[in-house]
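First up is the structure itself, then whatever we jot down about it.
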Amino acid sequence: MSDHSARIVGSRLALMAVAAVIAVWVIFGLATGPTKEWLMATTMLATLATCLILVLLQHSQNRDMRALQAKLDGPIRSSGARNLMIGVERLERDEDIPVGGG
């Protein structure tokens, strides 16, 4: 479900729909006078939408990184080379990266 949602949210149609909703919201708010409730609702909706998009993007990025890592580990495992580089992304920044055979 989240993959499908991320695909929909990233489409041009979604961008146009959001722009239309924002335009209608602003016109409605200006026509009725920007009350305190209208401003609070605007802030709340913007915060909720931002959190939802953040979660969807993070999920999508994590899935893509796992797929990329699996694709990169495959040739290392299937070759005659030593498997020192598999899992190197889990090393701490100051640890030495294993290089060469041996």
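If you check Leu39, Leu48, Leu54, Leu68 for being assigned to a helix (DSSP H, G or I) and surrounded by 11 or more Cβ atoms within 10 Å (Cβ to Cβ), only one passes: Leu39. Applying the condition of being open to solvent by 50 Å² or more (accessible area, probe 1.4 Å) and part of a helix (DSSP H, G or I) to segment 71-87 and asking which residue is modelled with the lowest pLDDT yields Arg77.
Going by the conditions given, is Ile27 open to solvent by 100 Å² or more (accessible area, probe 1.4 Å) and either assigned to a helix (DSSP H, G or I) or at positive phi (or both)? Yes: the conditions hold for Ile27.
The test for being at pLDDT below 85 and exposed (fewer than 12 other Cβ atoms within 10 Å of the Cβ) does not hold for Gly10. Determine whether Lys36 is closer than 25 Å to Met1 by Cβ and at pLDDT 80 or above. Criteria not met by Lys36. Working only within segment 4-17, note down all residues that are touching a residue at least 24 places away in the same chain (Cβ under 8 Å) and among the aliphatic types (A, V, I, L, M). Of everything in segment 4-17, those that are touching a residue at least 24 places away in the same chain (Cβ under 8 Å) and among the aliphatic types (A, V, I, L, M) turn out to be Ala6, Val9.
The values are calculated or read from the model by the stated rules, or taken from the named source; none is laboratory data. Keep in mind that this is a model prediction, so the values were computed, not measured. In this analysis, Cβ positions are derived from the backbone assuming ideal geometry, glycine residues included, and neighbour counts consider all displayed protein chains. Only protein heavy atoms, including side chains, enter the accessible area calculation; ligands, DNA and RNA are left aside. Shrake-Rupley method; radii C 1.70, N 1.55, O 1.52, S 1.80 Å.
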